[in-house]
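Novice: Before I ask anything, here is the structure I am working with.
The values are calculated or read from the model by the stated rules, or taken from the named source; none is laboratory data. Fair warning: this is a prediction, and the values are worked out from it, not measured in the lab. Note: ideal-geometry Cβ built from the backbone for every residue, glycine included; neighbour counts use all protein chains shown. The area values use the complete protein model at the heavy-atom level, side chains included, leaving out ligands, DNA and RNA. Shrake-Rupley method; radii C 1.70, N 1.55, O 1.52, S 1.80 Å.
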Amino acid sequence: MSASQSARIAAAARQIFGTLPNRNVRTGLQDLKKPLTGAYEARFYPEPIEKAAVMSQKACTMVPQYTSELQERRQAKLRVLRQRGKGPPKKGSGKKK
């Protein structure tokens with residue numbers, strides 16, 4: 001079998017099986033062949049309600065103030081720290097040069 005025949009056979013095989021020529025170069029094709037997971041992850045991690053609640057508060061002042069559990073936890077911790085005198089300093093009362 002001559003070199004031209006083997007080249008044509010290799011080209012036909014690449015076209016049939018959808019492979020790339022073996023050049024010992026990293027192409028990242030393995031990652032490209034993997035199925036996309038963006039839609040699945042978007043379903044698994046739904047958009048938090050905080051964004052929608054904040055937008056509705058800006059649009060209408062009649063909506064009661066919404067705070068998430070994380071915000072409430074932070075505020076409670078800050079309250080306790082301030083009672084102990086360990087809270088953040090007031091604006092402008094830091095080191096002065």
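Novice: Scanning the stretch 62-82 for residues that are aliphatic (A, V, I, L, M) and assigned to a loop (DSSP other than H, G, I, E, B), which turns out farthest from the chain's Cα centre (by Cα)? Break it down into steps so the answer makes sense when it comes.
Specialist: From the stretch 62-82, those aliphatic (A, V, I, L, M) are 62-63, 70, 76, 78, 80-81; that's our starting set.
Then keep just the ones that are assigned to a loop (DSSP other than H, G, I, E, B); that gives 62-63.
On the way: 62: 33, 63: 30 Å.
If we take residues in the stretch 62-82 being aliphatic (A, V, I, L, M) and assigned to a loop (DSSP other than H, G, I, E, B), then 62 is farthest from the chain's Cα centre (by Cα).
Novice: Related question: Need pairs with beta-carbon distance below 9 Å; first residue surrounded by fewer than 10 Cβ atoms within 10 Å (Cβ to Cβ) and within the stretch 1-24, second hydroxyl-bearing (Ser, Thr, Tyr); sequence gap 6+ or separate chains.
Specialist: 20/27
Novice: If you scan the stretch 29-61, which residues turn out to be open to solvent by less than 90 Å² (accessible area, probe 1.4 Å), among the β-branched types (Val, Ile, Thr) and over 13 Å from the mean Cα position of the chain (by Cα)?
Specialist: Hit for the stretch 29-61 is 54, nothing else.
Novice: Hey, could you check the stretch 62-79 for residues that are among the aliphatic types (A, V, I, L, M) and surrounded by 11 or more Cβ atoms within 10 Å (Cβ to Cβ) and say which is modelled with the lowest pLDDT? If you could, list the steps in order and put the result at the bottom.
Specialist: Step one: filter the stretch 62-79 for residues among the aliphatic types (A, V, I, L, M), giving 62-63, 70, 76, 78.
Next, from what is left, pick out any that are surrounded by 11 or more Cβ atoms within 10 Å (Cβ to Cβ): 63, 78.
Details: 63: 69, 78: 94.
Selected residue: 63.
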